[in-house]
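> Can you keep this structure in mind? I'll have questions shortly.
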Amino acid sequence: MSVTWLVSFFTSFCLMEWAAWALHKYVMHGPLWSLHEDHHVIKKNSVYQKNDYFAIFFAVPSFLAILFGNLGFIPWLEAAGYGVMLYGAVYFAVHEVAIHRRWNIFNLKGKYIESLRLAHQHHHQVRSKEGAKNFGMLLPPLIYFTKSKKELKKMRPSKVS
Ligand SMILES: [Zn+2]
Ligand SMILES: [Zn+2]
């Protein structure tokens, strides 16, 4: 595993937080709100959401980068594909499992995950296309790390969907 491979892997992982933020803010809460809406207004008893299609949005380029990087012997491209894949796996673990509890596979605890949970709960306080905040996932605004637990609790919305 070369330095180039590791740099490409971690760079793509970090850039994915930005890409996910931009997609969420400008596309999901923009022209493709019709696919994201059922994640904000969740129907009971439905296991899957139209919103899940967005996973493919990143899975396809990740797969192609790994495939062509491997076949064409372009290590940095393959590494970038794995970086996107790791981000997708972390996003799934944090967003679908730890925050929304869609599947009871495991739970994550700790100050960091609590900050992410609260930031994302505040994102879900808005059930419409406009007016939401905290579009990122792994890097919420600093306020979620600097405020005391008591202050954060006060900010906690009564119900999250
Ligand atoms: Zn949203
Ligand atoms: Zn959510």
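> Where the accessible area of the chain is counted over protein heavy atoms with a 1.4 Å probe, how much of it, in %, is carbon and sulfur?
Carbon-and-sulfur percentage of accessible area, whole number: 69.
> Too long at a 28 Å Cα-Cα cut-off: which of 25/154; 25/50; 50/149; 50/111; 44/147?
The pairs that break the limit, which is 28 Å between Cα atoms, are 50/149; 50/111; 44/147.
> By how many nm would the segment from residue 90 to residue 146 lengthen if fully extended, with 0.36 nm per residue of separation less the alpha-carbon distance?
17.8 nm
> Can you give me the accessible area per residue for the chain, using a 1.4 Å probe, in Å²?
Per-residue value: 61 Å².
> Which value, in debye to the nearest 20, gives the size of the charge dipole of region 3-155 about its Cα centre, when Lys and Arg are +1 and Asp and Glu are -1 at the Cβ?
Value, rounded to 20: 900 debye.
> Hey, another quick one. Please sort through the DSSP H helices of the chain and keep those with an alpha-carbon extent of at least 20 Å along the long axis and a Kyte-Doolittle average not below 0.0.
3-22, 54-71, 75-91
> Applying 1/(1 + (r/R0)^6) with R0 = 45 Å to the Cβ-Cβ distance of residue 6 and residue 154, what FRET efficiency is obtained, to the nearest 0.05?
For residue 6 and residue 154, the calculated efficiency is 0.60.
The values are calculated or read from the model by the stated rules, or taken from the named source; none is laboratory data. All of these numbers come straight from a predicted model, not from anything done at the bench. Heads up, the Cβs are rebuilt from the backbone with ideal geometry, glycines too, and the neighbour counts pull from every protein chain shown. Surface accessibility is based on the protein's heavy atoms, side chains included, excluding ligands, DNA and RNA. Shrake-Rupley method; radii C 1.70, N 1.55, O 1.52, S 1.80 Å.
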